[in-house]
Number of protein chains: 2
Amino acid sequence: MNQAIETILAHRSIRKFTSQQVAPEQLSTILDCAIAASTSSFIQCVSIVRVTDTNKRELLAEYAGGQAYVASAAEFLVFCADYNRHQQINPQAQLGFTEQTLIGAVDAALMAQNAMIAAESLGLGGVYIGGLRNNPDKVADLLELPEHVLPLFGLCLGYPDQQPEIKPRLPQSLVVHQNSYQHELDRDALAEYDKHVRDYYRTRTGGTKDMSWSEQITATLNKEARPFMKQFIEDKGFSIK
Amino acid sequence: MNQAIETILAHRSIRKFTSQQVAPEQLSTILDCAIAASTSSFIQCVSIVRVTDTNKRELLAEYAGGQAYVASAAEFLVFCADYNRHQQINPQAQLGFTEQTLIGAVDAALMAQNAMIAAESLGLGGVYIGGLRNNPDKVADLLELPEHVLPLFGLCLGYPDQQPEIKPRLPQSLVVHQNSYQHELDRDALAEYDKHVRDYYRTRTGGTKDMSWSEQITATLNKEARPFMKQFIEDKGFSIK
C-alpha cells in the first residue's frame, strides 16, 4: 500500500463542497497531471474547458439535470474530444471515423482520471458529470465548441464538505475474466453483491432506498439511453464513417 | 507534490520488460484499484480479460500489429465495454445506444488509468495497446467475447527493462480553454511545442527521427482511421441507435 493506491481505493464521489478555492498552483498541477496521461498514437485529441463564469456554471448545472454542485464546486472542467485543432493544422485531415470517437472518449477519460486522482491526493474531492450529455447541444453552444469538438463529461473539484461511504463495486470475480469471456454469469456472486449494495443504500439513506444493483440497472436499462446522442455526435462530425 | 502526483507526472510508456512476474497480491491490488474508479450512473459496464495463455498472447501481439511486448509482458489485460452482463440480468434491457458506447469507452478508460497508476506506483511500468483495434473481430473471437461486449484496448504491465525519456505533451495553453473554446489556434505556442517534440525525437533516436508533432499528426490524419470500426461495433450491438 502506498499513497497513490490509498488515494485510488478511498475514492467516493463528492457532491458537497466547502467554499474554499483551489490554489492556482494546485490547479496547475492537476492540469499537468491530466495532460501527462497516455494518448493513442500521440494524437492528443482532448481539450478541457475550465468554466469560471458564474452564469455559465449555473446554466451547466441546469443542463446537467439540476446538479447544483456544478455551480458551487470550486472548479468545473469540461472534457471534450477535440479534432478541431488537428483540422486547423491539417485542413485535409480525414475526420469523422468511429475509431476517432473511441480514441477521443478513451483519451479524455485517461486524462480526467489523472486529474481526479491528483486532486484527491491533494485533499480535494470530485465527481464526474455525465449529465452534461442530457443537453449536449446546449453545452456545446454555451462553450462555443466548434465542429469536431465533442463535450463528453464534466468534473467538479473542490474541498469536500461531506464524507460519504465508499460505494461497493462489483467484485473481481464478476469483472475479471481469464483468457476468455466467462459466458455464464456467476449468479451466486451477483446475489451476494446485490445484498451488499442493498445494505449500503439502506444504511446510507436510513432505510429510504432499498435497492440491489440488479434492480437499479434493470430500471436504468428499461429506459432509452439519451437516444439523441447518435444524431448529436454526427452533427459534430463524429462517427459518420 | 506527493507520491500520487509524482507517479502520474513520471509516466512514460514501457515496452520492454524484465522476466520478473507480478506478485498475485500486487495484481489483485491493481485490479481492485481499477474497479474503484467512478462509473456512470453506477452502470459498471466494463469487463477485463486477463490473458495468461501463451498462445493467445502471441496471437494478440500479432493482431496488434506485431507488438512483441504484448506476448512478453508479465501481465496483459484487455479492457472491454460490457453490457452482456446487464442483458443476462435484464433480458429486456434496451441496448445499442450510441450513449452506451460513450459510457463504455469512458468508464473502461477510467478503470484502466487507475490500474496504470496503481501499477506504476508499485514500480511496474505499462503501455496501452490500442493496436488491438487493428483486428477487433479476431480479438473478439480469440477471447470469446459475446454480443454487447466490445474490446477497446489492452494494457501491458511488468517490471521496466528500459527508462525512456518522458514524451513532451501539448502545453496547458493549447489544451485548456477558459469559459469558451479558443477558436484560433495559438500558432506561436504550437511552433514552440513542435520544436520541443522534434528535439525529443532527435535526442531519443540519435537523429534518425526528425519530426514535429504537427508533422506527425498530419501524416496520421492523412490516412483513414480503421474504417472497419463502425461496422464492427454495430455487429457487436453498439451504436446502432
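The values are calculated or read from the model by the stated rules, or taken from the named source; none is laboratory data. Not measured: the values here are computed from a predicted model. With ideal geometry, Cβ positions are generated from the backbone for all residues, glycine too; neighbour counts draw on all protein chains shown. The accessibility values were calculated without ligands, DNA or RNA, using every heavy atom of the protein model including side chains. Shrake-Rupley method; radii C 1.70, N 1.55, O 1.52, S 1.80 Å.
Being more than 7 Å from chain A (Cβ to nearest Cβ) and more than 10 Å from the chain's Cα centre (by Cα) is the filter; apply it to the stretch B:105-119 and report the residue that is farthest from B:SER47 (Cα to Cα). Ranking the candidates gives B:ALA119 first.
For (1) among the hydroxyl-bearing types (Ser, Thr, Tyr); (2) surrounded by fewer than 18 Cβ atoms within 10 Å (Cβ to Cβ), each residue gets a yes or a no:
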{"position": "A:CYS156", "(1), (2)": "no, no"}
{"position": "A:PRO168", "(1), (2)": "no, yes"}
{"position": "A:TYR193", "(1), (2)": "yes, no"}
{"position": "A:ARG198", "(1), (2)": "no, no"}
{"position": "A:ARG202", "(1), (2)": "no, yes"}
{"position": "A:ILE217", "(1), (2)": "no, no"}
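Looking at A:GLY207, is it at positive phi, open to solvent by 20 Å² or more (accessible area, probe 1.4 Å) and more than 7 Å from every other protein chain (Cβ to nearest Cβ)? Judged against the criteria, A:GLY207 is a match. Across the stretch B:83-102, the qualifying residues are those that are more than 7 Å from chain A (Cβ to nearest Cβ) and under 15 Å from B:SER41 (Cα atoms), and the one among them that is surrounded by the fewest Cβ atoms within 10 Å (Cβ to Cβ) is B:TYR83. Looking only at residues in the stretch A:46-65 that are without any contact (Cβ under 8 Å) to a residue 40 or more places away in the chain and facing another protein chain (nearest Cβ under 7 Å), the one that is nearest to the chain's Cα centre (by Cα) is A:ARG50. For the stretch A:186-216, the set of residues classified as under 18 Å from B:SER47 (Cβ atoms), touching an Asp or Glu at 6+ places or on another chain (Cβ under 8 Å) and either free of Cβ contacts under 8 Å to residues at least 12 places away in the same chain or among the hydroxyl-bearing types (Ser, Thr, Tyr) (or both) consists of A:SER214 only.
The set of residues in the stretch A:12-35 being farther than 15 Å from A:TYR69 by Cα and hydroxyl-bearing (Ser, Thr, Tyr) consists of A:SER28, A:THR29. Among the residues here, A:THR7 qualifies as crowded, with 23+ Cβ neighbours inside 10 Å, part of a helix (DSSP H, G or I), in the same structural domain as A:LEU77 (by TED's automatic domain parsing) and among the β-branched types (Val, Ile, Thr).
Among the residues of the stretch B:111-123, those that are surrounded by fewer than 24 Cβ atoms within 10 Å (Cβ to Cβ) and of a type outside the set (Gly, Ala, Ser) comprise B:GLU120, B:LEU122. Within 20 Å of the chain's Cα centre (by Cα) and closer than 17 Å to B:ALA4 by Cβ, is that true of A:CYS80? Spelling it out, it is not the case that A:CYS80 is within 20 Å of the chain's Cα centre (by Cα) and closer than 17 Å to B:ALA4 by Cβ. Being assigned to a loop (DSSP other than H, G, I, E, B) and small (Gly, Ala, Ser) is the filter here; which residues of the stretch B:216-241 pass it? Of everything in the stretch B:216-241, those that are assigned to a loop (DSSP other than H, G, I, E, B) and small (Gly, Ala, Ser) turn out to be B:ALA225, B:GLY237, B:SER239.
For the stretch A:11-45, filtering for residues that are more than 7 Å from chain B (Cβ to nearest Cβ) and either touching a strand residue (DSSP E or B) at 6+ places or on another chain (Cβ under 8 Å) or farther than 13 Å from A:ALA118 by Cα (or both) leaves 17.
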